[in-house]
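Since the structure comes first, as structure tokens, the remarks are kept for the end.
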Amino acid sequence: MALPSSAKTLEVSHVAPLTTSPESNVHFTLPLTFFDIIWFKFAPVERVFFYALPETKHTFFNSVLPKLKHTLSLTLQYFLPLAGKITWPQDSPKLVLQYTPGDVVSVSVAESDADFDLIASNRAFHASLVRPLVSPLHVSETGASVIALRITLFPNRGFSIGITTHHAVLDGKSTTMFMKSWAYLTKQNPPLLPELTPFYDRNVIKDPPGFDMIKFLRSSPGSTLSDCRNNPKLFEFRQFSILDELTDLYRATFELSRSDIDKLRQRVSSNWDSSSKPKLHLSTFVVTFAYVFDCILKVTEGDESKMKVMFGFSADYRNRLIPPVPENYFGNCVGFKMNYENMREQLVGRDGDSFSAVAEKISGLVKEMGNHDQNDILKEGELLVSKRGLIASEKYSGVGVAGSPRFGVYSIDFGWGHPKKVSFISIENGSISMADSENGDGGVEVGLYLKKQQMDVFTSVFLTGLSL
């Protein structure tokens with residue numbers, strides 16, 4: 001069933017890196033590391049930045065939009081790979097990210113009659129209202145684009161920038177660095193600040209011994225590198241069936257203040273016998289994820305599609321590896337942990353203490369990620385591959401986490417003020433998103449999709465739990 005669209009595409013432009021840069025006139029190739037390959041078949045990541053701007057259409061199209069395009073071209077001088085594509089040359093032993101002079105980034109421009117104040121708020125609204133604010137990546141038998149941008153005007157109210165990124169090229173930190181760089185160059189003259197200038201040396205990431213790229217490319221057993229390279233569906237993404245149910249979904253944003261997080265942390269600590277057990281790791285991430293996940297379990301009780309629920313999350317490994325990887329490393333440097341147990345079964349008999357039990361489980365997994373070992377990251381990825389069939393056959397649903405409160409997305413100011421809202425669109429698969437709070441109080445914003453009735457119940461459960 002086709003979803004209603006409230007955005008009319010006005011133009012599709014192609015923005016190239018500024019040609020006055022010597023670097024933009026040379027070929028540039030980056031091999032994908034095992035960190036990248038692990039995410040290769042995952043669906044693209046989609047984020048939308050909303051900016052309030054009570055200007056007329058004339059001002060937007062004659063001043064704001066041309067400036068955004070020009071500074072995007074400036075920014076691409078530093079981020080050449082974003083204008084290129086992922087491909088697999090016949091003479092290469094692995095997939096590569098390749099920029100060729102003349103490559104461009106697709107930028108579509110649209111106008112929307114949707115209620116800007118609604119979709120840039122925390123309130124619940126139909127999921128279809130934000131889907132037209134992002135564009136798909138171009139995928140063919142020979143490669144895939146890296147990013148796609150969509151700038152949408154809401155006349156007299158504001159505009160949005162939707163960015164779609166290929167997960168095998170950019171993790172959340174790299175994407176945020178690009179957006180911060182673009183915003184910086186819209187307000188300031190080059191050069192970029194050192195911390196915003198991407199670091200491209202792939203020698204800082206070593207593929208672990210025994211890494212088999214074929215395992216992560218959804219290839220048939222016995223496939224060779226040649227089989228994979230010539231597979232016409234190689235660059236297609238893994239699809240989630242929940243997208244077929246998008247017409248039933250609503251999205252909303254929920255906030256946990258610093259005070260809320262402190263109270264929740266204390267609640268877990270008071271239920272934990274620290275005299276006989278190891279100390280829990282109760283970071284802002286652990287407490288937030290545990291609380292929201294526990295609320296989700298409560299409100300989806302009885303939902304046949306949520307009878308078996310597992311969870312997972314990822315973490316930045318730039319400062320976890322030995323030696324550490326530069327903070328401005330461009331690419332994926334993200335490991336992940338999965339809990340393959342059905343959490344509903346794990347929480348049987350702990351109705352009054354389910355939140356603490358979930359926090360305990362997440363704490364343990366986070367502590368396991370602190371061992372600085374790339375081999376463990378590879379093993380976790382291989383385990384996920386081996387579990388795919390079981391997860392599908394047993395009809396497990398999963399809850400993951402996109403984004404991070406550490407990215408500082410609300411600092412991304414192009415010159416027209418900080419974002420009114422930053423939303424992850426690509427969490428329709430059941431994941432949640434996390435971001436720093438817009439009011440800067442050290443709290444966390446959590447975005448999620450649920451069916452309408454479930455969203456109403458979630459709101460009640462979420463608020464009631466905070467008042468305990």
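Using R₀ = 41 Å, calculate the FRET efficiency as 1/(1 + (r/R₀)^6) where r is the Cβ-Cβ separation of residue 303 and residue 19; round to 0.05. Don't skip to the end; give the middle numbers.
On the way: r = 54 Å, r/R0 = 1.32.
For residue 303 and residue 19, the calculated efficiency is 0.15.
By how many nm would the segment from residue 460 to residue 26 grow when fully extended, if each residue of separation counts as 0.36 nm and the alpha-carbon distance is taken off? Could the numbers behind the result be given before it?
Values: separation 434, 0.36 × 434 = 156.24 nm, distance 5.68 nm.
Contour length minus the Cα-Cα distance gives 150.6 nm.
The range 383-446 to the range 22-92: how many Å between their Cα centroids? The range 383-446 and the range 22-92 have Cα centres spaced 20 Å from each other.
Taking every DSSP beta bridge that has both residues in the chain, what percent is antiparallel when rounded to the nearest 5? All intermediate terms of the calculation are to be shown ahead of the outcome.
On the way: 60 of 74 bridges.
Counting DSSP beta bridges with both partners in the chain, the antiparallel share is about 80 percent.
The protection proxy used here, the mean number of other Cβ atoms lying within 10 Å of each residue, ranks peptides 187-195, 125-133 as follows, highest first: 125-133, 187-195. Once a ≥ b ≥ c are taken as the square roots of the eigenvalues of the Cα gyration tensor of the range 216-375, is the result rounded (a/c under 1.5), prolate (a/b larger than b/c) or oblate (a/b not larger than b/c)? Oblate, because a/c is 1.5 or more while a/b does not exceed b/c.
Take every Cα-Cα pair in the range 337-468 and report what % of them are more than 20 Å apart. Each step should come with its number before you reach the end.
On the way: 5426 of 8646 pairs.
Here the long-distance tail beyond 20 Å is 63 percent of all Cα pairs in the range 337-468.
The modelled label-to-label distance between residue 69 and residue 118, using points 7 Å beyond Cα along the C-beta direction, is 3.1 nm. The simple Förster model, with R0 at 51 Å and r as the Cβ-Cβ distance, assigns residue 453 and residue 214 a FRET efficiency of 0.70. Out of these labelled values of mean projected area of the Cα convex hull in nm², [x] 22.7; [y] 28.6; [z] 30.2, which was calculated from the coordinates shown here? Here mean projected area of the Cα convex hull in nm² agrees with entry [x].
Over the chain, give the accessible area per residue in Å² for a 1.4 Å probe, as an integer. All intermediate terms of the calculation are to be shown ahead of the outcome.
Numbers: 19980 Å² over 468 residues.
For the chain, the per-residue accessible area is 43 Å².
Tell me, in nm to one decimal, what length is gained between residue 376 and residue 467 on full extension, where the rule is 0.36 nm per residue of separation less the Cα-Cα distance?
On the way: separation 91, 0.36 × 91 = 32.76 nm, distance 3.98 nm.
Fully extending the segment from residue 376 to residue 467 adds 28.8 nm.
For trypsin sites (Lys or Arg not before Pro), the sites in the range 199-228 that DSSP calls loop and that have at most 15 other Cβ atoms within 10 Å are 206. Here the label points at residue 277 and residue 319, each 7 Å from Cα along the C-beta direction, are separated by 2.8 nm in the simple model.
How high is the FRET efficiency between residue 225 and residue 197 when r is their beta carbon distance and R₀ equals 41 Å, given to the nearest 0.05? Show your work: numbers first, answer last.
On the way: r = 34 Å, r/R0 = 0.83.
E between residue 225 and residue 197, to the nearest 0.05, is 0.75.
Peptide packing: for 382-395, 169-182, the average count of neighbouring Cβ atoms within 10 Å per residue gives the ranking 169-182, 382-395, highest mean first. Near the amide H of residue 404, within less than 5 Å, lie the amide hydrogens of 434, all on another chain or at least 5 residues away, with H placed in the peptide plane.
In the chain, the portion of solvent-accessible area held by carbon and sulfur atoms comes to 53 percent [1.4 Å probe, whole percent, DNA, RNA and ligands not counted]. Our coupling estimate for the range 63-72, obtained by passing each phi through the Karplus curve with A = 6.51, B = -1.76, C = 1.60 and θ = phi - 60°, is 10, 5, 4, x, 5, 4, 5, 5, 6, 5 Hz, Gly and Pro reported as x.
The values are calculated or read from the model by the stated rules, or taken from the named source; none is laboratory data. Treat the numbers as computed from the prediction; the structure is a model and nothing was measured. Ideal geometry is used to build each Cβ from the backbone, glycine not excepted, and the neighbour counts take in all protein chains shown. Protein only, heavy atoms only, side chains kept; ligands, DNA and RNA dropped before computing areas. Shrake-Rupley method; radii C 1.70, N 1.55, O 1.52, S 1.80 Å.
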